[in-house]
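Encoded as structure tokens, the structure appears first; notes follow it.
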Amino acid sequence: MEPRGTKRRAAGTEAPTREPWSKRPRPALASLRTEPALYSGPFPFYRRPSELGCFSLDAQRQYHGDARALRYYSPPPAHGPGPDFDLRDGYPERYRPRDEELRERLDHLLRWVLEHRHQLEGGPGWLAGATVTWRGHLTKLLTTPYERQEGWQLAASRFQGTLYLSEVETPAARAQRLARPPLLRELMYMGYKFEQYMCADKPGGSPDPSGEVNTNVAFCSVLRSRLGNHPLLFSGEVDCVNPQAASTQPPACYVELKTSKEMHSPGQWRSFYRHKLLKWWAQSFLPGVPHVVAGFRNPEGFVCSLKTFPTMEMFENVRHDRDGWNPSVCMNFCAAFLSFAQSTVVQDDPRLVHLFSWEPGGPVTVSVHRDAPYAFLPTWYVEAMTQDLPPLSTTPSPKD
């Protein structure tokens, strides 16, 4: 699966069977360079993502193993008057933002894994060769070769053969969040408000923008894929499902909703394609979401126009731009990072953490820690998985 016009290795090419982690030599801690030129080869193999299941988080951020939080795409009539959505309506009195001080790590996804590990195709043994993480963490990896402003940290632990990746808030990101200016807080609200104008609670229903905007509520898809020889199990929030989609099979029926300021010059569009569209592409390509619908807002905060961006065509906007981005570079770097992490994190120990750190302009570096504050696999998960599965003496082949 690759964006239109890119090249990749033949889909039938399979990686050789890997040795058990316990038999691999322990490498010296190294680093991973991130310059785009190093990753400009053919597009790597990426298995078309398939949905394994889903879960919902309610208004109190409580987990439910069902689709109760799923919303339905309900745009204004295509041939009627243009949208006139007031994205400031209800702010701040009808805004209930999620508590960002609460560190959820992988907990919700791990609960889903615990409940469904026996239903996974290939059984729990498949999980032993996989990487488990959030879609958002993979998105940051994809965009790293082109990122110039924000660094990241990813904590990694191996448990029963599985590699788990969980983001750690950097000191700079925390300082920025705590000092977030009022205008930026309002812009965040406006993005969620746009979803309220575009989504209904049931198929064929009408949006109700008069209610509360509660960012605790979320519908999350759990997906399976493979990048090169790296099986992936990841989850990401889904904005809505399109009941009129050509395919009713998720994730092909999902829609991502975004907002952006109105643009009036070629230079503004060029900057939009180089920067914002890269992040939109990475976020939607990974789970196989086919379309991003953007609402363009004026300085007064009203959405005056809508535009649909097919995910597989986004690259066309920068294909001939020397300062643009390349999907092959993004995916090749992500594959290289996964290989780097897999070969670095060899010891199977849920309390041992390898912290991968990156700042723009430098390489990815690694440090090793034990227990708090970086250990992230909860005791309830480790104990339940330990009681249920015998120790694995070998790691399955990544073929799927």
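The values are calculated or read from the model by the stated rules, or taken from the named source; none is laboratory data. Note that the coordinates shown come from a computational prediction; the quantities given were computed from them, not determined experimentally. As a convention, Cβ positions derive from the backbone with ideal geometry for all residues, glycine included, and neighbour counts pool all protein chains shown. Surface accessibility is based on the protein's heavy atoms, side chains included, excluding ligands, DNA and RNA. Shrake-Rupley method; radii C 1.70, N 1.55, O 1.52, S 1.80 Å.
Some observations on this one:
- With respect to the conditions (1) in a loop (DSSP other than H, G, I, E, B); (2) open to solvent by less than 10 Å² (accessible area, probe 1.4 Å); (3) farther than 24 Å from G53 by Cβ, E93 falls short on a single one, namely (2).
- Test: R224 is more than 29 Å from E101 (Cβ to Cβ), basic (K, R) and open to solvent by less than 20 Å² (accessible area, probe 1.4 Å): yes
- Condition check for G80: modelled with pLDDT under 95, small (G, A, S) and either in a loop (DSSP other than H, G, I, E, B) or in contact with a strand residue (DSSP E or B) (Cβ under 7 Å, 6 or more places away or on another chain) (or both): yes
- Restricting the first member to segment 24-36 and to residues that are farther than 23 Å from E359 by Cβ, and the second to residues that are modelled with pLDDT of 50 or more and surrounded by 13 or more Cβ atoms within 10 Å (Cβ to Cβ), the beta-carbon pairs closer than 6 Å and six or more apart or on different chains are R24/V346; R26/V346.
- In segment 53-71, the count of residues that are over 21 Å from the mean Cα position of the chain (by Cα) and open to solvent by less than 50 Å² (accessible area, probe 1.4 Å) is one or more.
- The one condition in (1) closer than 30 Å to E359 by Cβ; (2) buried (at least 18 other Cβ atoms within 10 Å of the Cβ) that T170 fails to fulfil: (2)
- Matching residues in segment 153-167 - criterion: being open to solvent by 10 Å² or more (accessible area, probe 1.4 Å) and under 16 Å from the mean Cα position of the chain (by Cα): Q153, E167
- Candidate set: segment 13-40, residues that are modelled with pLDDT of 95 or more and of a type outside the set (S, T, N, Q); chosen: the one surrounded by the most Cβ atoms within 10 Å (Cβ to Cβ): Y39
- The one condition in (1) open to solvent by 40 Å² or more (accessible area, probe 1.4 Å); (2) outside any loop (DSSP other than H, G, I, E, B) that E100 fails to fulfil: (2)
- Only one of the numbered conditions (1) part of a strand (DSSP E or B); (2) over 21 Å from H108 (Cβ atoms) is not met by P203, and that is (1).
- Filtering segment 77-90 to residues that are free of Cβ contacts under 8 Å to residues at least 40 places away in the same chain and open to solvent by less than 70 Å² (accessible area, probe 1.4 Å) leaves only G80.
- Subset of segment 193-221 that is closer than 21 Å to P76 by Cα and aliphatic (A, V, I, L, M) - its residue that is surrounded by the most Cβ atoms within 10 Å (Cβ to Cβ): M198
- Counted residues, segment 227-265 - those being part of a strand (DSSP E or B) and either crowded, with 21+ Cβ neighbours inside 10 Å or not basic (K, R) (or both): 18
- Residue in segment 216-223 that is outside any strand (DSSP E or B), more than 21 Å from E359 (Cα to Cα) and of a type in the set (F, W, Y) present: no
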